[in-house]
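The values are calculated or read from the model by the stated rules, or taken from the named source; none is laboratory data. Fair warning: this is a prediction, and the values are worked out from it, not measured in the lab. FYI the Cβ positions are ideal-geometry reconstructions off the backbone, even for glycines, and counts take in every protein chain you see.
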Amino acid sequence: MFFHDDNAYLLYSVEWDPGQGGRIVYSELNESLDKLVDGEFELVGPDADFGAGSPIYPLVTDSPQLIVREEDDELLLFWSTFTNANKYTVVYTDCAGFFAGTACEGPTFQLGVYDGGHQTVFRGAAGKVYISYHQPNAKGKELLVVKGFDLVGLEHDGKGLK
């Protein structure tokens, strides 16, 4: 859940349906935070165009988070999926039209490939951005991984993890 202009919103993923793929959607919540207002709005879906030759497999979506890049006030959506080589990855896209009820139409970039899953992107106490996820993707052997990275320049080179 997050707040914008005194309104509460719920951002969530509708994970993969066989043959249909997953979706990332958001809904506005009422004042008591117990009902959705005006249904849901799709940000990323299985028909998303990731560009020719993209390694991103659009049928799986999971763990959406929104972060505002303070340097230029851009809203970035981070989410996870799998590559065509069946490796877990985190991707992000610019969501400038988010509060206008439009899909995220900015270019989508791969932040990194991991043998793990279920990432969270968050700001630490001093404002630094971190990503956490479990690794490897194997029952009984998963460990927590936390890495800091810089939001500046992410859309230009698709690289940001240090």
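Contact map, region 128-142: first residue touching a residue at least 24 places away in the same chain (Cβ under 8 Å) and closer than 15 Å to TYR114 by Cα, second residue polar (S, T, N, Q) and assigned to a strand (DSSP E or B), Cβ cut-off under 6 Å, separation 6 or more or different chains; pairs are ILE131/GLN119; TYR133/GLN119. What do you reckon, is GLY148 modelled with pLDDT of 80 or more, assigned to a loop (DSSP other than H, G, I, E, B) and loosely packed, with under 13 Cβ neighbours inside 10 Å? No.
From the residues in region 29-49 that are within 19 Å of the chain's Cα centre (by Cα) and of a type in the set (Gly, Ala, Ser), which one is modelled with the lowest pLDDT?
Start the filter on region 29-49 by keeping residues that are within 19 Å of the chain's Cα centre (by Cα), which leaves 40-49.
Still in the running and of a type in the set (Gly, Ala, Ser): 45, 48.
Numbers: GLY45: 74, ALA48: 67.
Taking the candidates together, the pick is ALA48.
Residues considered: TYR26, TYR12, TYR92. Of these, the only one that is touching a helix residue (DSSP H, G or I) at 6+ places or on another chain (Cβ under 8 Å), closer than 29 Å to GLN135 by Cα and at pLDDT 80 or above is TYR26.
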